[in-house]
Amino acid sequence: MSRLAVPKTYKLYIGGAFPRSESGRTYEVRSATGAFLANAAKGSRKDARDAVVAARSAVGGWAGATAYNRGQVLYRIAELLEGRRAQFVAEIEEAEGVTRAAASAQVDEAIDRWVWYAGWADKFAQVAGNANPVAGPYFNISVPEPTGVVAIVAPQDSSLLGFVSAVAPALVAGNSVVVIASERFPLSAISLAEVLATSDVPKGVVNVLTGSPAEIAPWLASHADVNALDLVGAGDLDWIDLEFAAADTLKRVLRPEQGPDAAAPALGRIAAFTETKTVWHTKSMK
Amino acid sequence: MTGTSLITARERALAVLGGEPDDATLRRYLHGIPGVDAVGLEQRAAGLGTRSIKTTSKQWALDRIIELIDLTTLEGADTPGKVRSLVAKAITPDPADPTTPRVAAVCVYGDMVPYAVDALGAAHGDPDDGLISVAAVATAFPSGRASLEIKLADTAEAVAAGADEIDMVIDRGAFLSGRYGLVFDQIAAVKEACRRPDGTSASLKVILETGELVTYDNVRRASWLSILAGGDFIKTSTGKVPSAATLPVTLLMLEVVRDWHLATGQRIGVKPAGGIRTSKDAIKYLVTVAETVGEDWLQPHLFRFGASSLLNDVLLQRQKLSTSHYSGPDYVTID
């Protein structure tokens with residue numbers, strides 16, 4: 001007896017829940033050969049607004065967690081990704097039309113990158129911070145602190161690796177993120193959101209929107225409660241205008257990158273979304 | 001409210017009740033009121049919550065919400081400084097936009113009234129004139145567990161300090177055990193304590209604390225009882241118990257106010273308080289008022305929101321409308 005197919009519904013990931021788009025819209029995701037894969041939610045500006053609210057309320061807890069704890073939580077995501085690698089490999093193979101070996105290599109690279117960034121969580125402050133020299137009986141210490149809510153346009157030409165490469169560094173320092181997934185390859189991003197939902201990442205720390213970056217990104221760029229904007233995957237958009245909009249509320253902006261090396265792992269991607277806090281402290285008197 | 005209307009209120013109550021307002025008469029009357037169809041009420045309230053209010057209507061609604069807010073701080077940790085900053089916010093809700101209207105009143109504990117009056121200065125007055133009233137909670141707020149003498153002294157002190165409105169709590173214990181006469185007498189006595197030496201009187205809001213009344217039938221009875229006893233406003237909650245203002249409860253109270261107006265011609269105010277935090281929710285209340293008692297009621301002497309964080313959300317929505325991008329909590333004051 002043949003079984004009835006049970007296709008998966010891919011929804012948004014906002015505040016730890018998987019809602020449909022507030023607008024009720026969906027769009028068809030097709031494979032490289034044009035075959036129908038799934039209906040993905042087509043997020044609207046109001047979904048983006050809700051995601052920012054969720055992200056803002058999560059900043060305190062995530063930024064307040066110890067760096068050691070953040071590292072553990074991020075590492076556990078890599079563990080869970082490892083357990084679901086078959087699903088990701090199959091998804092990437094179908095969506096991007098690549099060989100199983102290539103899909104497998106992409107998943108490996110994504111997991112490795114995640115582990116690499118997780119390791120930095122309790123170490124980057126030692127590199128990005130400093131004990132400054134002063135001419136007096138004081139300590140003068142600079143430490144990097146998270147910027148806050150980071151909006152990300154994920155790389156558009158990759159299912160999983162681009163998404164991970166953009167999201168992980170922003171999380172390391174304690175930011176919460178609102179990320180617009182690749183419009184053509186959104187399914188792995190939502191599957192990754194399912195991993196996040198069952199990991200120890202507090203709800204609201206990562207929020208995933210699917211849909212048209214051209215439609216959603218301007219609302220995030222101009223949103224006064226977003227502190228930084230990573231345009232790594234916005235090369236095909238009118239990103240100069242997004243930079244203008246971001247400047248109105250003094251956001252930190254990372255510009256688009258193209259090609260296979262886009263969002264390559266770097267300490268700079270972690271430090272880009274931090275603010276330097278410098279404090280004076282008296283030395284004890286002898 | 002004048003002294004004469006106080007007498008009329010009592011006479012009116014006697015006429016409606018057909019006897020002295022003792023336990024027996026009040027029970028006969030209040031229990032004679034038809035019960036509430038809870039499912040129908042909640043469905044109606046949910047229906048009123050689905051109206052789509054956009055663009056210019058939304059703009060109008062947001063401004064009107066601000067004009068109807070009792071900006072409230074009722075914390076044990078309140079200080080004169082906190083009250084002064086609350087008043088500053090009441091006078092100029094959004095310093096970046098001078099077209100923002102003022103709120104109707106500030107609502108504080110009785111001992112904070114002098115500081116509120118002082119901080120308001122020339123801005124103290126009737127919301128109808130674009131000024132801001134001072135409301136004080138009294139009668140052993142929020143529990144109401146004190147002797148009548150203390151409740152009356154509490155009220156008189158706030159009125160003497162310059163409060164324009166008194167938010168009293170009813171004795172829920174007495175109400176729930178059926179001692180309606182006691183509740184009636186206390187409201188009437190507090191109403192009397194609201195009188196000033198010059199014969200005018202502070203407006204009296206009666207807090208039912210619907211979260212403790214358990215059933216919709218009790219809310220309807222308490223509303224009738226409060227109006228009969230001379231309350232100028234009926235208010236849902238203190239904001240100190242988990243279940244505060246809800247749309248069905250407010251709808252129910254508005255229906256009582258509508259029925260009372262039909263029966264006597266007198267217009268009573270309604271104040272939902274506690275738990276209304278977003279513009280979206282507040283707009284649902286405006287719709288409910290307009291469609292239950294009429295748009296006449298959308299004025300500070302007949303409808304108020306008791307709220308503290310609502311104002312910030314409304315300001316963020318106003319900023320969104322004027323700048324066409326989303327604003328954030330960094331652009332309004334911290335409560």
- Which pairs, out of B:Lys240/B:Lys320; A:Lys46/B:Lys240; B:Lys151/B:Lys280; A:Lys251/B:Lys320; A:Lys46/B:Lys58, put more than 27 Å between their alpha-carbon atoms? B:Lys240/B:Lys320; A:Lys46/B:Lys240; B:Lys151/B:Lys280
- When Lys and Arg each count +1 and Asp and Glu each count -1, what net charge do the other residues less than 14 Å away from B:Ala61, Cβ to Cβ, add up to? +2
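Distances longer than 12 Å among the Cα atoms of the range B:235-275: what percent of all pairs is that? Let's see the in-between values first.
Details: 463 of 820 pairs.
When all Cα pairs of the range B:235-275 are counted, 56 percent exceed 12 Å.
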- Item | Selection from B:Leu310, B:Ser147, B:Ala119 lying farthest towards where the dipole of chain B points positive, charges on Cβ | B:Leu310
- Query: Expressed as an acute angle from 0 to 90° and rounded to the nearest 10, what is the orientation of the C-alpha long axis of helix B:216-228 relative to the principal long axis of chain B?
  - Reply: 80
- Item | Whole-Å distance, taken between Cα centres, linking the range A:190-265 and the range B:110-170 | 50
- Message: Could you tell me how far the Cα centroid of the range B:236-291 sits from the Cα centroid of the range B:72-90, in Å?
- Response: 25
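Relative contact order for the range A:26-282 using alpha-carbon pairs under 8 Å, separation at least 6, rounded to a whole percent? Display every interim value, and only then the final one.
Numbers: 508 pairs, mean separation 65.4, N = 257.
Reported relative contact order: 25 percent.
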- Message: Beyond 21 Å, how much of the Cα-Cα pair distribution for the range B:225-335 remains, as a whole percent?
- Response: 41
- Point-charge dipole on Cβ atoms (K/R +1, D/E -1) for the range B:1-156, about Cα centre, debye to 20: 460
- Net charge, A:Leu229 excluded, C-beta distance under 9 Å - Lys, Arg +1, Asp, Glu -1: 0
- J(HN,Hα) series, the range A:136-149, from Karplus relation 6.51 cos²θ - 1.76 cosθ + 1.60, nearest Hz, glycine and proline x: x, x, 10, 9, 10, 10, 10, 10, x, 10, x, 6, x, 9
- Helical segments meeting 20 Å axial Cα length and Kyte-Doolittle -0.5 threshold in chain A (DSSP H): A:45-64, A:67-83, A:100-120
- Can you work out ³J(HN,Hα) from phi for every residue in the range B:34-47, in order, using Karplus 6.51 cos²θ - 1.76 cosθ + 1.60 and θ = phi - 60°, giving whole Hz and x for Gly and Pro? x, x, 8, 7, 4, 5, x, 4, 5, 5, 4, 4, 5, x
- Query: Amide H of B:Ser133: which non-local residues (sequence gap of 5 or more, or other chain) have their own amide H closer than 5 Å, using H built in the peptide plane?
  - Reply: B:Ala105, B:Val106, B:Gly125
- Note on the structure: Counting only backbone N atoms under 19 Å from a point 7 Å out along Cα-to-Cβ of B:Arg10, the residues of the range B:147-165 in range are B:148-149, B:152-153, B:156
- Note on the structure: Sorted by chain and then number, the residues having a modelled amide H within less than 5 Å of the amide H of B:Ile234, at least 5 places away or on another chain, are B:Val206, B:Gly269, B:Val270, B:Lys271
- Item | A:Glu275 long-range amide H proximity, modeled H, under 5 Å | A:Glu145, A:Thr147
- Note on the structure: Hits in the range A:103-131: amide N under 15 Å from the 7 Å Cα→Cβ extension of A:His281, namely A:126, A:129-131
- Message: Let me check I've understood the local charge: for A:Asp157, count other residues with C-beta under 13 angstrom from its C-beta, Lys and Arg +1, Asp and Glu -1. What total comes out?
- Response: -4
- Message: From zero outward in steps of 10 Å, how is the percent of C-alpha pairs of the range A:1-115 spread across the bins?
- Response: 12, 26, 37, 21, 3, 0
- Cβ-based charge dipole, chain B, positive-most Cα from B:Ala13, B:Cys194, B:Ser237: B:Ser237
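Give me the mean projected area, in nm² to one decimal, of the convex hull enclosing the Cα positions of the protein assembly as shown. List each step's numbers first, then the result.
Numbers: hull surface 148.8 nm².
Averaging across all directions leaves 37.2 nm² for the Cα convex hull.
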- In debye, nearest 20: dipole of chain A around its Cα centre with unit charges on the Cβ of K, R (+) and D, E (-)? 820
- Message: If I histogram all Cα-Cα distances within the range B:1-147 using bins 5 Å wide from 0, what percent of pairs lands in each bin?
- Response: 2, 8, 11, 11, 11, 13, 15, 14, 10, 4, 1, 0
- Task: Return the inverse of the average 1/r over all pairs of distinct C-alpha atoms in chain A, which is the Kirkwood hydrodynamic radius, in Å to one decimal.
- Result: 19.4
- Task: With a Förster radius of 30 Å, plug the Cβ-Cβ distance of B:Val241 and A:Thr198 into 1/(1 + (r/R0)^6) and report the FRET value to the nearest 0.05.
- Result: 0.25
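With +1 on each Lys and Arg Cβ and -1 on each Asp and Glu Cβ, and nothing else charged, work out how big the dipole of the protein assembly as shown is about its Cα centre, in Debye to the nearest 20.
Numbers: 61 positive and 71 negative charges, 141 e Å.
For the protein assembly as shown, the charge dipole is close to 680 debye.
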- Message: Once you place label points 7 Å from the Cα toward the Cβ at B:Ala77 and A:Phe244, how far apart are they in nm?
- Response: 4.5
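State the antiparallel share, in %, of DSSP beta bridges confined to the protein assembly as shown, rounding to the nearest 5.
Numbers: 21 of 66 bridges.
Antiparallel bridges make up about 30 percent of those DSSP assigns within the protein assembly as shown.
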- In Å and from the alpha-carbon atoms only, list the Rg and Dmax of the range B:122-237. 14.0, 46
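Which value results when the Cα radius of gyration for the range B:3-323 is divided by 2.2 N^0.38 Å? Before the final figure, lay out the partial values.
Numbers: Rg = 18.7 Å, N = 321, 2.2 N^0.38 = 19.7 Å.
Normalised Cα radius of gyration, the range B:3-323: 0.95.
Which pairs in the list A:Lys11/A:Lys203; B:Lys54/B:Lys82; A:Lys42/B:Lys54; A:Lys203/B:Lys235 are over 27 Å apart, alpha-carbon to alpha-carbon? Don't jump to the answer; show the numbers that get you there.
On the way: A:Lys11/A:Lys203 16 Å; B:Lys54/B:Lys82 35 Å; A:Lys42/B:Lys54 22 Å; A:Lys203/B:Lys235 36 Å.
Pairs exceeding 27 Å: B:Lys54/B:Lys82; A:Lys203/B:Lys235.
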- Message: Rounded, prolate or oblate, given the Cα gyration tensor of the range B:39-107, with a/c below 1.5 counting as rounded?
- Response: oblate
- Message: From Cα pairs below 8 angstrom and at least 6 apart in sequence, can you work out the relative contact order of chain B, rounded to a whole percent?
- Response: 19
- Considering only DSSP beta bridges where both residues belong to chain B, give the percentage that are antiparallel (nearest 5). 5
- Note on the structure: Sequence order, the range B:142-158: Karplus ³J(HN,Hα) from phi using 6.51 cos²θ - 1.76 cosθ + 1.60, θ = phi - 60°, Hz rounded, Gly and Pro as x, gives x, 7, x, 8, 7, 6, 4, 4, 5, 4, 5, 5, 4, 5, 4, 5, 5
- Lys/Arg +1, Asp/Glu -1 at C-beta; the range A:26-282 dipole; positive extreme among A:Leu81, A:Ile180, A:Tyr68: A:Tyr68
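Can you give the helix-only mean residue ellipticity at 222 nm for chain A, where every DSSP H stretch with n ≥ 4 adds -39500 (n - 2.57) and the sum goes over all residues, rounded to the nearest 500 deg cm²/dmol? Intermediate values should be presented prior to the final figure.
Numbers: 10 runs with 123 residues, N = 286.
-13500 deg cm²/dmol, from helical runs alone.
Each value in this text was obtained by applying a stated rule to the coordinates, not by laboratory testing. Computed from a prediction, not measured in an experiment: that's the story for all the values here. Virtual Cβ from ideal backbone geometry, glycine too; neighbours counted across all protein chains shown.
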